[in-house]
Amino acid sequence: MAAQEKARSKGLTQSEGDVNLSPRRRSWAAHSLDARTQAMLDEDARLFLHQSLSSPCLNVIKRAQGIWIEDVQGRRYMDFHGNNVHHIGYGHPRLVEALKRQLDELPFTPRRFTDEPAIALARKLTEIAPGDLSKVLFATGGSDAIEMAIKLARIATGRFKTVSFWDSFHGAGFGASSVGGEELFRSHGIGPLLPGTEHVAPFACYRCPYGYKDRDGQPDLAVCRTTCASFVRYVLEKEGDVAAVIAEPVRAVPYLPPPGFWAEVRRACDDHGALLIFDEIPNGLGKTGRMFTAEHAGVVPDILVVGKALGGGIVPIAATIARPGLDVAGDRALGHYTHEKNPFTCRAALTTIEIIEEEGLVENAARVGAHALVRLNEMKTRHPLIGDVRGLGLLIGVELVSDRAVKTPAADAADWMVYYALDHGLSFKTTQGNILTLTPPLITTIANMDRALDIVEDGIAAIESGKADLA
């Protein structure tokens, strides 16, 4: 606890999520958690290493079903966070049954062997992946899959440098933290990191790091001329030997790229011999209203990485998917993980994709997300605390500001909203300190969404009316 407080005093930013050791967190726990819950949290804190964003923990969960999580006191919350693993909802009956059968048939496959679920999953991924991405490797988590992509890019190009974006997140492993751009995962005693991991400012039209003014959150392309994309080209040209550009096609903060951004970056990569790697770990498989976020931009990367929801909210599995021309490392080990072709995790991923396809969940995400954005933008016209609304499908951000003219981040208000929402049955996280980030499952209905947005609006209204205690 003292270490984290000391870290905050040094100015570390909580870009990935809300602070887990704030006075408001302690106050909420004091009035919301019973003695049994607090005893379990105390034991958890005693046994686990403490780290920002997770330990000590918020609450104790005993059940997860559909869009709901339930704590040990019997209180239910719509989970609009879920670490983005819960695309098909928690505990989907079809997935649970498929995994029970798989345990009876084949629980594990040792390395050097393959199995039917692994082959079927690889086939399915190549069928749904954009363009000619048709060669795969599996890992147990997104961070490992990103690092396999980095290895492959180095081998294929004979280069080692990368270009990625500040404020991005690509995993907590050493290589993934090196290409990531979040202070919490890479600074203050964690480095030195991998050499050659260059970073540039990200696209962020509402808060353009290049100083251009937005038009109600949208870029003024006639003025900025997509400088954020041009600067990627500039760095590729000046470095001259970059292996790959690694990026989230839509930032999970969230921020959307300006029109034409990825087409320009794709051209720049091609012109300078760099590969383009898309990290779709949190938002692939339908979150943005398309099976893959890359489809919105009409751009095909050289390597695409998926994870999180691939395991159906039950098991950890990720995949690196590459174009066939990159199958050039047959004499080296890119991953060779113990559970690379685990039939249990592969069955989970295959069944999850089948559920997404057959239940029309991508289309549902597009429909419910569009409804949410219309309503949130209408709310913005009545609530000055809302500075910007942005999103794609069911990746939604509501940025709170205390002054719209200068866009002063309302971080304290956003922090208060987290606990107000929990008290009213809704769980979400904040990013960048002042952005309410809503990432519900793809099974979310319009009625579910409206209920969640009622809670958000009531909380915002309480703050604006002075009824909220922000002390």
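The values are calculated or read from the model by the stated rules, or taken from the named source; none is laboratory data. This one's a predicted model, so the numbers in the text were calculated from it and none came from an experiment. Quick reminder, even Gly has a Cβ in these numbers, built from the backbone with ideal geometry, and neighbours come from all protein chains shown.
Identify the residue in region 28-50 that is without any contact (Cβ under 8 Å) to a residue 12 or more places away in the chain and surrounded by 12 or more Cβ atoms within 10 Å (Cβ to Cβ) and, among all such residues, is farthest from G74 (Cα to Cα).
Applying the first criterion (without any contact (Cβ under 8 Å) to a residue 12 or more places away in the chain) to region 28-50 yields 30-31, 35, 38-39, 42-43, 46-49.
Filter once more, keeping what is surrounded by 12 or more Cβ atoms within 10 Å (Cβ to Cβ): 38-39, 48.
Details: Q38: 15, A39: 16, F48: 25 Å.
For region 28-50, the residue satisfying everything is F48.
Quick one: count up the residues across region 434-471 that are over 27 Å from G360 (Cα atoms), modelled with pLDDT of 95 or more, small (G, A, S) and surrounded by 14 or more Cβ atoms within 10 Å (Cβ to Cβ).
Number of matching residues: 3.
Go through region 103-130 and give me each residue that's of a type in the set (S, T, Y), within 12 Å of C346 (Cβ to Cβ) and surrounded by fewer than 19 Cβ atoms within 10 Å (Cβ to Cβ).
T114
Would you confirm, using the coordinates I've provided, whether I396 is in contact (Cβ under 8 Å) with a residue 60 or more places away in the chain, among the aliphatic types (A, V, I, L, M) and in the same structural domain as G311 (by TED's automatic domain parsing)?
It is false that I396 is in contact (Cβ under 8 Å) with a residue 60 or more places away in the chain, among the aliphatic types (A, V, I, L, M) and in the same structural domain as G311 (by TED's automatic domain parsing).
If I ask for residues that are without any contact (Cβ under 8 Å) to a residue 40 or more places away in the chain and closer than 17 Å to G313 by Cα, which ones from region 60-110 would you list?
If the condition is that a residue be without any contact (Cβ under 8 Å) to a residue 40 or more places away in the chain and closer than 17 Å to G313 by Cα, then I61, K62, R63, Q65, W68, E70, P93, E97, K100 are the ones that fit.
Out of all the residues in region 106-127, is one or more over 22 Å from the mean Cα position of the chain (by Cα) and assigned to a strand (DSSP E or B)?
no
Are any of the residues in region 441-463 without any contact (Cβ under 8 Å) to a residue 24 or more places away in the chain and in the same structural domain as G387 (by TED's automatic domain parsing)? Step through it out loud before you land on a result.
Looking only at region 441-463, we keep the residues that are without any contact (Cβ under 8 Å) to a residue 24 or more places away in the chain, and these are 447, 454.
If we keep only those that are in the same structural domain as G387 (by TED's automatic domain parsing) too, we end up with 447, 454.
Yes: region 441-463 contains one or more residues that are without any contact (Cβ under 8 Å) to a residue 24 or more places away in the chain and in the same structural domain as G387 (by TED's automatic domain parsing).
Could you check, for region 381-391, whether at least one of its residues is assigned by TED's automatic domain parsing to the domain that holds G142, out of contact with any Phe, Trp or Tyr (no Cβ under 9 Å at 6 or more places or on another chain) and modelled with pLDDT of 95 or more?
Taking every residue of region 381-391 in turn, none turns out to be assigned by TED's automatic domain parsing to the domain that holds G142, out of contact with any Phe, Trp or Tyr (no Cβ under 9 Å at 6 or more places or on another chain) and modelled with pLDDT of 95 or more.
Need a quick list: helices (runs of 4 or more DSSP H) entirely within region 175-249 having at least 3 residues that are surrounded by fewer than 18 Cβ atoms within 10 Å (Cβ to Cβ).
Because the criterion is at least 3 residues that are surrounded by fewer than 18 Cβ atoms within 10 Å (Cβ to Cβ), the helices (runs of 4 or more DSSP H) in region 175-249 that meet it are 221-224, 227-239.
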